[in-house]
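These notes concern the structure reproduced below.
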Amino acid sequence: MGLDRHHLLSLHTVLEGLRQGLCEFSGPSRVALVYAQVEGDPLWVVDPQNLLRGHEPRLREYFLDTDEWRSGLPSPEDVAYFDQLHARRLGLAGIVSLGGRARSVAYQMWFTEQHPNLCSPGPTRHWLELALRQLATCLNGDDILTLDSVSNTLQEMAPHAVCDCIVDERARALGPDTRLRVANILAAVMQISKTPEEGAWARGRLACVEPSRLSRVRYLVRLPKAERPRLENGKHVRKMLQAVERSERLLVSDGEHIIGVASGDLPAGSVCANFNGRHGMLFLDGAPVCSFSDGAFHSSNRRPNLVTLEEALLEWPLDDGQRTRLFAAISRLVTEAGEQKYGCALILDPYTPLLTLSGHGLETPMPLDADARLSLAAGLAKVDGALHLSATRNQLCGFACLMDGPSIPGEDRSRGARYNSALRFTHSHPELIVVVVSSDRPVSVMRKGVDLSRPPAWPPVPTMLRPPPTIAQWLAG
């Protein structure tokens, strides 16, 4: 494939800018691209970190064996500038994708990871849409000096992706003629989240309602028009949030002013920010869009990621009921630790009889089948040492248990003693699973001396892309 330096540099700049931006928004992420610049050219694959490996059968069917990828696409000469509405989505498990075409690029489909704790794929898809447009712009010109601005734009896309997602969803629900200025609302939410009041961070809910639907809100109090604080006055709104914190009440805004305090359900199209101290969540019609913390938006729903634990439990000889009850109990204990910001460790023991561990045993094991008992177990998890749980009976058998074992390869000196002790302990007892919760929220699942939840080591992105293979060459390996 005879590609000039500008073409390869454009591919690298857009791909790397997109990847770095998504890493900030969603955590470690990979990006891939399938494209053809000219109608009739073969499709080319740009996948420097092997995101698409494992999906070869579906990719072969979609791009080679059938013309499914062309279905519904207008001809390039009929595209005024850019069209992604008619491109079909390729459903790959664990991957967000978006395709489209422009006059300068006959076809593109971008791919990235769909993380297990993703609030909504909407903002990510709008990010991919920008990558589609930026690559079409770059390949249509020859000004290499503009590539830096393209990369910076893609890296700083988070507020715009969230805004575009909300605007499009509201337009679909209410029609295009809406008066809420979503960008201004997001700026106000971010300002409030960074404004402490008497040393405390914001708590409570702020709802922005379409002005034409304000009469449908169930107000507890309304403010006179002349005395309504402006939403952009973050300090004033932050003070008013104190009236609704730790309650079912919420502040209501029309997107420009604070109207009053209300309770109950909100009209369709309402944007609600739930402030919870140093972090918060953004909702549209009750569905999560994204979270925010440390002055930035993130895709995470802030729930512990226990997918690797679910997979590990499938290997144990438990029936569906045992597995479901055990996973529910672990999820509750891990969530409590994350919300209250304390570290703990949970030893899941499938042995019969159970291992004998150093620590505080219980005369009678306590079933983890009620809120009161789970709350007590969460309290005991704060004591130095690990909880000892019977996996088959879903019972707490001990607390403050010590985990020891000889040093092993693969220990991580950047992590604490609890983490490395769990690695050693599971290496010495390979049938056990240990779940470690750090005080700063990361959750690790250990088995056989390995952290199952550690992200895989992906190959680094090269500083300059080589000419990509065709889809046929890529599928052939």
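Quick one: which helices (runs of 4 or more DSSP H) sit completely within region 102-193 and have at least 1 residues that are within 24 Å of Arg19 (Cα to Cα) and in contact with a Pro (Cβ under 9 Å, 6 or more places away or on another chain)? Can you show your working first?
On the way: elements: 122-140, 147-155, 158-174, 182-193.
Counting at least 1 such residues, we get 158-174, 182-193.
Pick out the one residue from Leu346, Leu355, Leu318, Leu309 that is in a strand (DSSP E or B) and modelled with pLDDT of 90 or more. Talk me through it step by step, then tell me what you get.
Working: Leu355 fails: in a strand (DSSP E or B); Leu318 fails: in a strand (DSSP E or B); Leu309 fails: in a strand (DSSP E or B).
The conditions single out Leu346.
Just checking, how many residues over region 98-114 are under 27 Å from Gly286 (Cα atoms) and buried (at least 22 other Cβ atoms within 10 Å of the Cβ)?
Looking only at region 98-114, we keep the residues that are under 27 Å from Gly286 (Cα atoms), and these are 98, 112-114.
This time we only want the ones that are buried (at least 22 other Cβ atoms within 10 Å of the Cβ), so: 98, 112.
Total meeting the criteria: 2.
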Here is a list of conditions, (1) surrounded by 19 or more Cβ atoms within 10 Å (Cβ to Cβ); (2) free of Cβ contacts under 8 Å to residues at least 24 places away in the same chain, and Met403 meets all of them except one; can you say which number that is? (2)
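Can you confirm whether region 439-449 contains a residue that is in contact with a strand residue (DSSP E or B) (Cβ under 7 Å, 6 or more places away or on another chain) and without any contact (Cβ under 8 Å) to a residue 60 or more places away in the chain? Even if it seems obvious, please write down each step before you answer.
If we filter region 439-449 for residues that are in contact with a strand residue (DSSP E or B) (Cβ under 7 Å, 6 or more places away or on another chain), which is where we start, we get 443-447.
From the residues that got through so far, the ones that are without any contact (Cβ under 8 Å) to a residue 60 or more places away in the chain too are 444, 446.
There is at least one residue in region 439-449 that is in contact with a strand residue (DSSP E or B) (Cβ under 7 Å, 6 or more places away or on another chain) and without any contact (Cβ under 8 Å) to a residue 60 or more places away in the chain.
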Conditions first: (1) farther than 27 Å from Ala370 by Cβ; (2) out of contact with any strand residue (DSSP E or B) (no Cβ under 8 Å at 6 or more places or on another chain). Asp320 passes all but one, so which condition is the exception? (1)
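Restrict the check to region 364-385 and report whether at least one residue is assigned to a strand (DSSP E or B) and loosely packed, with under 13 Cβ neighbours inside 10 Å. Spell out the reasoning first.
Of all residues in region 364-385, those assigned to a strand (DSSP E or B) come to 364-367.
Subset that is loosely packed, with under 13 Cβ neighbours inside 10 Å: 364.
Within region 364-385 (the criterion being assigned to a strand (DSSP E or B) and loosely packed, with under 13 Cβ neighbours inside 10 Å), the answer is yes, since at least one residue qualifies.
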In region 36-67, which residues are of a type outside the set (Phe, Trp, Tyr) and closer than 9 Å to Ile471 by Cα? Pro42, Leu43, Val45, Leu59, Arg60, Leu64
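The values are calculated or read from the model by the stated rules, or taken from the named source; none is laboratory data. Bear in mind that the values here come from a model prediction, so they are computed numbers and not experimental data. Virtual Cβ from ideal backbone geometry, glycine too; neighbours counted across all protein chains shown.
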